[in-house]
Amino acid sequence: MKKKKLIILGSTGSIGQSTVKVLLRHPDRFEVKGLAAYANIDRLEEQYRLFRPDQLCVIDPVRGEELATRLKSEPVEVLFGEEEAIKLAESSSAELIVNAIVGAAGLKASLAAIKSGKSLALANKESLVTGGPLFAPLVKRYGGKILPIDSEHSAIWQALYCGKAEEIRRIIITASGGPFREFPQDRFHEITPEMALDHPTWKMGPKITVDSATLANKGLEVMEAVSLFDITIDQVSVVVHPQSIVHSMVEYVDSSIIAQMSSPDMCLPISYALFWPDRVESEFGQLDPTSMSNLTFEPPNLDKFPALSHAFEAARAGGTAPAIFNAANEEAVSMFLKKGITFTDIADVIKNGLDSIEIVSQPDLNDILEADQAARDLVLQHVG
Ligand SMILES: NC(=O)c1ccc[n+]([C@@H]2O[C@H](COP(=O)([O-])OP(=O)(O)OC[C@H]3O[C@@H](n4cnc5c(N)ncnc54)[C@H](OP(=O)(O)O)[C@@H]3O)[C@@H](O)[C@H]2O)c1
């Protein structure tokens, strides 16, 4: 069987490493042509030795030089900087790009992959949140395909095979509720980064783990779903499902609800995206139905987790509003992790961005990048 050639951007992170795990189980099905990371050259070197790709890219040039020196006798090209990572996404050596970069930094690479007609296995939800309006016309024009890796969107994608687009009543995105679902709201001022980084069901990178604790992650997923599945924001609901077994659902006009279930293991949605349109034999996420005696669903508490309401507000406003939400959130999370602001400040910072920055309703890439920068500048001014 012909091997699928792929490049992983963000290969050293949580999703990147889960992707590596999937690939190692199927050495006969994939050929890794390139890997990219921000600065973790030790892990990148290990991954190089596993797959021997032709190209490596390190965003941080100093770390990149160091890796190039280490690998100077190896038959590999070591590239540095963001522009080179974008070129990697366009490279004709691969037909599939896995984008596992964290944050809006992944947007340009996603656009580059789609513009070069490739399939894009997308974990970087921030691409679709910030650049939402740009993707659909590019997919149509260049014929590429976006294959979602986010477990919720993978679940929706699978459930969408059960009906036609015009038969969808709504999409129900599940949320674990994060570590503070039952934590008293009057003690939220006590929440430290260490507490927020302790997620009950998923092991993920630090940014998405904090986003899960504020429910900003669910907000990003709501905006991602609107872009990805061409539905309106009024067709999206969120339910809290602490067991993280049902990964999301689609309700059709006849009131049938189709859900996708598995144990929480990102290797499963990654495999689905990599092998699509096929399914392959795999033990990832295997579930014993008799162990599922207690699956619960409840509405999210928007008083406790206002970031989710702000996301619905941003999605309704459209245009550059989701990019403002995302950039303000990224900056706020980074400050919270450095103990510069409190947990509850994160949602306030997002709200301030949405209320203060003018929204462009039909944005091009420049408008989006300007909105992103304006939101980051505002956070710095606001927080000091
Ligand atoms: N983790 C999950 O279970 C999960 C589930 C669903 C969706 N996602 C989404 O997947 C994406 C990645 O999440 P993650 O948890 O894997 O994050 P992570 O563990 O923090 O990994 C991020 C990856 O991106 C690289 N990176 C960081 N900043 C970069 C930049 N400016 N330019 C290029 N590369 C950069 C990192 O390189 P270094 O290692 O060198 O810093 C690392 O390889 C996020 O969008 C997240 O929302 C994650």
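Couple of notes before you dig in:
- Residue count for the stretch 279-330, restricted to those that are among the polar types (S, T, N, Q) and either exposed (fewer than 12 other Cβ atoms within 10 Å of the Cβ) or within 20 Å of S151 (Cα to Cα) (or both): 8
- Pick from the stretch 66-117, criterion in contact with a Ser or Thr (Cβ under 7 Å, 6 or more places away or on another chain) and of a type in the set (G, A, S), ranking: farthest from P133 (Cα to Cα): A100
- One residue stands out among those in the stretch 117-134 that are more than 15 Å from the chain's Cα centre (by Cα) and not in a strand (DSSP E or B): the one that is farthest from I59 (Cα to Cα), which is P133.
- The residue of the stretch 157-199 that is nearest to I258 (Cα to Cα), among those that are buried (at least 17 other Cβ atoms within 10 Å of the Cβ) and of a type in the set (S, T, N, Q), is Q158.
- Single residue of the stretch 42-77 satisfying the filter (basic (K, R) and more than 24 Å from the chain's Cα centre (by Cα)) that is nearest to the ligand (Cβ to nearest atom): R63
- Meets criteria (over 19 Å from the mean Cα position of the chain (by Cα), at pLDDT 95 or above and not hydrophobic (A, V, I, L, M, F, W, C)) for P299: yes
- Counting the residues of the stretch 87-103 that are more than 10 Å from the ligand (Cβ to nearest atom) and not in a strand (DSSP E or B) gives 9.
- Among the residues of the stretch 95-116, not a single one is at pLDDT below 95 and more than 18 Å from the chain's Cα centre (by Cα).
- Flag if G319 is at pLDDT below 95, over 19 Å from the mean Cα position of the chain (by Cα) and among the small types (G, A, S): no
- Residues in the stretch 1-13 that are surrounded by 20 or more Cβ atoms within 10 Å (Cβ to Cβ) and either more than 7 Å from the ligand (Cβ to nearest atom) or not in a loop (DSSP other than H, G, I, E, B) (or both): 4 in all.
- Within the stretch 353-367, not a single residue is surrounded by fewer than 19 Cβ atoms within 10 Å (Cβ to Cβ), part of a helix (DSSP H, G or I) and touching a His at 6+ places or on another chain (Cβ under 7 Å).
The values are calculated or read from the model by the stated rules, or taken from the named source; none is laboratory data. The model shown is predicted, which means the values in this text are computed figures rather than measured ones. No Cβ is skipped: glycine too gets one built from the backbone with ideal geometry, and neighbour counts run over all protein chains shown.
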